Amino acid sequence: MSETRFIYYNSSGIVYLGNKANSSLKDCNLWIDIVDPSEFDFKFLESEFEIDSDTIQLIRQGAKRAQVRILDKYIFGIYLDIRYKTFKKLLIEGIYTYLGKDWMITIHSSDVNILSSIKHTMEKKNKRILEASIEALYFVLVDEIIGRYEQLLTSIEITITDFEQESLYEKSSEEMLDYLDMITRQLIILRRHFWYTRDVINYQLHMEEQNKDLKYLKIIYDNITQLIDLIESYGDTINSTRDLYLANISLRLNDTMRILTIFSVVLLPLTLIAGIYGMNGLDLTKIDHLPSGLLDVLITMIVISVVLLLYFRHKKWIMVSKPVKVLNSIQFRTSRV
């Protein structure tokens, strides 16, 4: 259901906040916040503020790419509210803004709440906005959106840290790799949207060089740049977490192979003895009369074993001698240094 709020304010504070316009308040800045706009709202904007039909069409289509258009009587901008709908899904909603000479219009869905936070900033956190131009309120709105990006990245950072701790101290699972891949894809999406937002802010920085409230926009530009750098660092952290996961899997595999090797070493002599005494023609009741072929078999087994041991030593797989002389020379040089 469509809902519209008219906020008139000046240096005295917020003069009027209601669902109807008040034409008697002429010395005030006007902020109109429209939630879930209807066709009536679009017609109102076209008639009262001469809003361009192309920008309204973008709102109808639900455009979700940050952009800005500098028109004759106002500046049209699209920003994105990004947050988690579920752990695996990002919810991206467009916030559409019109900035005029002494008025600003924001349009968004009911899933986005910006009125209460901006109103709190105007009344409590930064009362200088009431004395400044409408551009200051616009910059505060953009800063609020960027601040929500920071909260989103904080939650992602905590999630990555939890995965890293799990890789170190708990048994890893294949689901962890799926989660890390999912977060990687989300970071790619966020980085692209942050780049678009930074381009929008950078464009306005160069278009409004004479604006005295431009310092707010410069701070916003620095903040979004830092967030992009954070995303880059998160990518490195995810790669290191993935390496920890693979190292943990390798350690578990080594432990498994070590246990199996111990069992093999214990059973191998027993298997050898059982194999020898299980030969056909060998009678254990007449151990003093061994078959003539048994000696040939034992000699053949010994020769094969010796040949294999010599081959393994030649390949330096076993019985590798330490380079004592080299080590001594290295220690000697180190002591001299």
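The values are calculated or read from the model by the stated rules, or taken from the named source; none is laboratory data. The structure displayed is predicted, hence computed values, not measured ones. Please note: Cβ atoms are built from the backbone with ideal geometry, for glycine as well, and neighbour counts cover all protein chains shown.
When residue 138 is evaluated against the numbered criteria (1) closer than 30 Å to residue 27 by Cα; (2) of a type outside the set (A, V, I, L, M, F, W, C); (3) assigned to a helix (DSSP H, G or I); (4) modelled with pLDDT under 90, which criterion, by number, is the only one it fails?
(4)
Just checking, does the range 62-85 include any residue being closer than 30 Å to residue 178 by Cα, loosely packed, with under 12 Cβ neighbours inside 10 Å and modelled with pLDDT under 95?
yes
Among the residues in the range 38-47, are any touching a Phe, Trp or Tyr at 6+ places or on another chain (Cβ under 7 Å) and either modelled with pLDDT of 95 or more or not basic (Lys, Arg) (or both)?
So far as the range 38-47 goes, no, none of its residues is touching a Phe, Trp or Tyr at 6+ places or on another chain (Cβ under 7 Å) and either modelled with pLDDT of 95 or more or not basic (Lys, Arg) (or both).
Got a number for residues in the range 67-99 being in contact (Cβ under 8 Å) with a residue 24 or more places away in the chain and of a type in the set (S, T, N, Q)?
Count: 2.
Of the residues in the range 96-122, how many are within 16 Å of residue 19 (Cβ to Cβ) and surrounded by fewer than 17 Cβ atoms within 10 Å (Cβ to Cβ)?
Residues in the range 96-122 being within 16 Å of residue 19 (Cβ to Cβ) and surrounded by fewer than 17 Cβ atoms within 10 Å (Cβ to Cβ): 2 in total.
Can you tell me which of 126, 113 is assigned by TED's automatic domain parsing to the domain that holds residue 62, touching a helix residue (DSSP H, G or I) at 6+ places or on another chain (Cβ under 9 Å) and farther than 30 Å from residue 181 by Cβ?
From the options 126, 113, the qualifying one is 126.
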